[in-house]
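Colleague: So that we are looking at the same thing, I have put the structure below in structure tokens.
The values are calculated or read from the model by the stated rules, or taken from the named source; none is laboratory data. Being a predicted model, the structure only gives us computed values, none of them experimental. Here Cβ is always computed from backbone atoms with ideal geometry, including for glycine, and neighbour counts include all displayed protein chains. Protein only, heavy atoms only, side chains kept; ligands, DNA and RNA dropped before computing areas. Shrake-Rupley method; radii C 1.70, N 1.55, O 1.52, S 1.80 Å.
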Amino acid sequence: MAQRQAMGQLAPRLLDGLIRKGRTSGSGPARGWFAGSAAALVSVGSSAAGISVDDPDWSLRWDNTIKLSAMARVAKADGALADSTRLLVPGVSSSAFPQALNFNAGDDNFRRRGLVSERVDLLSEFDAVYQRRFGVRLSGAGWYDAAYHRNSDAVDPLNGQTPENRFPKHTREMAGGKAELLDAFVFGAWELEGGRRLSARLGQHALQYGESLFYGDNGIARAQGPIDVAKLLASPNAQFKEIIRPVPQVSAQLQLSADVSVGAYYQFQWESDRLPAAGSYFSTVNVPWGSSQPEYINVSSGALAGQYVLKADRLVEPSNSGQYGMQVKWRAADTDLGVYLARYHDKSGQLYGDLNVAAPQDSRWFYVFPAAVKTVGASASHSFGDVNLAGEASLRWDMPLRSQNILYPSALSPQPAYATGKTAHINLSWLATLGPNWLANESSFVGELAWHRVLSRHDPDHELDPARSRDATALQFVFSPSYRQVLPGVDLSVPVGLRYTLDGHSPVIPWESRGSGSASLGLEGNYLGVWQFTLNYTRYIGSAVPFLDYRALLSGGSTFYSRGNPLADRDYVAVSLRRTF
């Protein structure tokens, strides 16, 4: 069973101190923020902190990590994305088309080349262990990004922000400065009769079943928790275990023998995925993630003619109960095998727009999160020398499929049903350690190929996006040559990554469309095992098409959704410096 310990966190007091320094020193907000943060980073202690106690039965540890990072856009915004709500189609009047707005603020806010993030993170982790069998773990995270506390570059009054160059309040908090609790659980281990061993956790923690490396959203791991998409976009080589978020739950594993174990969990709270906040750099759609602005729909003719103002309404969320799963793992002939079953609630959601014909100014938009997706799966993993190969296959029932941007007048017709289906999923992954070659004395190569198919569907109201394909295939890998002692005390690696949709326009998972993705080239290193630094360039692949493809609709297309890459123009360079104490 692969369990992810959530990344460490941010001490709020230290975070507040850094913020105060950034606002009061230097000749400007950004310069002051960086100078104050850098001074704090240089002054931290030299090693992680174990806490001495008189009782030998107790072991205490408190680790803190501070990280400075900056990100810069390398090319100005493409008008096809930044100006997408203006409907700049020659010879076509915007009044001839139902206008769905609020999908371009992320690009409009950062039109120019230059810094799009100036951030400090604090990560804090506390562990207390009694007799190496019982204990408690607490962790928290906090951050401050100066880029979201200034006016943006936005010039489009239709981008869904008021005023257009001011980030929404929720975005200033989520992207610009926040502290949150991550892990908060107690744990224990008990020796039972017959050489069996039981271990358990109770509280907020993350869990991952199966063998997925990058595409856990295509595997059994999708059932175990929400994912942090914003973090994935800022860290394109991150594995799935790094982006799955902790939730309140109880989990346990019973080791029946040296080769066989049984695990299970039950979750106490449902949580949606964390997408980029409305109008933040990686945002491709403003609703509902942080935007309380209205959505404007102009219907020019017919029974529904009118100019509608759709205001944000309450999300339709599933129950906190009814999410659980189990696994059986065993080892046979040096091969690790597993079978899994789980039930979970959708964490992506389906957007609806309710048109109030009698009072168009009082229309509403809201999201529905379907409940009770069922999944079963199996996996196998085997090592061949320095290469580990793993495969995972699963089925899902009542899986929500990508339905169109559903608009309906509640006074005249019932709310339409979104499409669901039975789907099949396969992940094939590898982990390889490579020996000396012409490029480096040592290197690693990890990757995953993911595929899924809709086996059957239930679509009574014919809402499935007609541009979606029956199946889709995606690939991600990271090749990383390493160089030790390049300078005294300095080790370096050069990760090269690719995330790419090989075929299809997925009806199941919000992957990029066929021929889209991202590529990255980085430089990572550490000094004396204490300082870590990174430099990374990420380039997006694919045509510049907004999340809602207005131009395709104007030309008679039948789909709302993009068949390109809404991030196509947001290539960036990122640099970071980190230290744990």
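Colleague: Label 7 Å along Cα→Cβ of residue 357; segment 376-412 residues with amide nitrogen under 16 Å?
Modeller: 407-412
Colleague: Would you mind calculating the relative contact order of segment 131-276 from Cα pairs under 8 angstrom and at least 6 residues apart, reporting the percent as a whole number? Intermediate results must be reported in sequence, preceding the final value.
Modeller: On the way: 256 pairs, mean separation 30.2, N = 146.
So the answer I get is 21 percent.
Colleague: If the viscosity is 1.567 mPa s and the temperature 4 °C, what Stokes-Einstein diffusion coefficient in µm²/s follows for segment 178-307 when Rh is the Kirkwood radius over Cα pairs?
Modeller: Details: Rh = 17.9 Å.
For the chosen part, D equals 72 µm²/s.
Colleague: Counting only C-alpha contacts under 8 Å and six or more residues apart, can you give the relative contact order of segment 102-180 as a whole percent? Working shown, then result.
Modeller: Numbers: 120 pairs, mean separation 26.9, N = 79.
Once normalised by length, the contact order is 34 percent.
Colleague: I would also like to ask the following. What Rg and what Dmax come out for segment 400-466 when only alpha-carbon atoms are used, in angstroms?
Modeller: Rg, Dmax (Cα atoms, Å): 22.3, 70.
Colleague: Cβ neighbours within 10 Å, averaged per peptide: list 217-229, 296-308 in order, most packed at the top.
Modeller: Numbers: 217-229: 25.8, 296-308: 15.7.
Going from most to least packed, we get 217-229, 296-308.
Colleague: Based on the alpha carbon coordinates of segment 352-441, what radius of gyration and maximum Cα-Cα distance (Dmax) apply, in Å?
Modeller: 23.7, 73
Colleague: Now for a separate question. Of all chymotrypsin sites (Phe, Trp or Tyr not before Pro) in segment 408-484, which ones are in loop regions per DSSP and have a Cβ with at most 13 other Cβ atoms within 10 Å? Could the numbers behind the result be given before it?
Modeller: Numbers: sites: 418, 430, 438, 445, 451, 477, 479, 483; in loops: 418, 438.
Here the sparse-neighbourhood loop sites are 438.
Colleague: Distance from the Cα centre of segment 410-473 to that of segment 156-217, in angstrom?
Modeller: Answer, in whole Å: 22.
Colleague: Turning to a different aspect of this structure: Which order do 311, 169 take by accessible area at a 1.4 Å probe, largest first? Don't jump to the answer; show the numbers that get you there.
Modeller: Values: 311 100, 169 130 Å².
Accessible-area ranking of 311, 169, largest first: 169, 311.
Colleague: Does segment 213-286 classify as rounded, prolate or oblate by the C-alpha gyration tensor (a ≥ b ≥ c root eigenvalues; a/c under 1.5 gives rounded; else a/b over b/c gives prolate, otherwise oblate)? Intermediate values should be presented prior to the final figure.
Modeller: Working: a/c = 3.67, a/b = 2.04, b/c = 1.80.
In terms of gyration-tensor shape, prolate.
Colleague: What is the distance, in nm, between label points placed 7 Å from the Cα along the Cα-to-Cβ direction at residue 319 and at residue 372?
Modeller: 0.9
Colleague: For segment 403-522, what does the alpha-carbon gyration tensor say about shape, rounded, prolate or oblate, given a ≥ b ≥ c as the root eigenvalues, a/c under 1.5 as rounded, and a/b over b/c as prolate?
Modeller: Verdict is prolate for segment 403-522.
Colleague: Specify whether the C-alpha gyration tensor of segment 295-397 places it in the rounded, prolate or oblate class, a ≥ b ≥ c being the square roots of the eigenvalues: rounded for a/c under 1.5, otherwise prolate if a/b is larger than b/c and oblate if not. Working shown, then result.
Modeller: On the way: a/c = 5.04, a/b = 3.15, b/c = 1.60.
Judged from the Cα gyration tensor, segment 295-397 comes out prolate (a/c at least 1.5, a/b above b/c).
Colleague: Moving on to the next point. What residue among 388, 373, 414 has its Cα farthest toward the positive end of the dipole of segment 362-425, where the charges are +1 on Lys, Arg and -1 on Asp, Glu, each on the Cβ?
Modeller: Towards the positive end, the residue furthest out is 414.
Colleague: How are the alpha carbon pair distances in segment 105-228 distributed across 5 Å bins from zero to the largest one, expressed in percent?
Modeller: P(r) over segment 105-228, rounded to whole percents: 2, 9, 12, 11, 12, 14, 12, 10, 6, 4, 3, 2, 1, 0, 0.
Colleague: Here is a follow-up. How long is segment 314-473 along each principal axis, judged by its Cα atoms, biggest number first, in Å?
Modeller: 73, 38, 27
Colleague: Okay, next question. Dipole of segment 124-258 (Lys/Arg Cβ +1, Asp/Glu Cβ -1, origin at the Cα centre): which of 162, 236, 221 lies farthest to the positive side?
Modeller: 221
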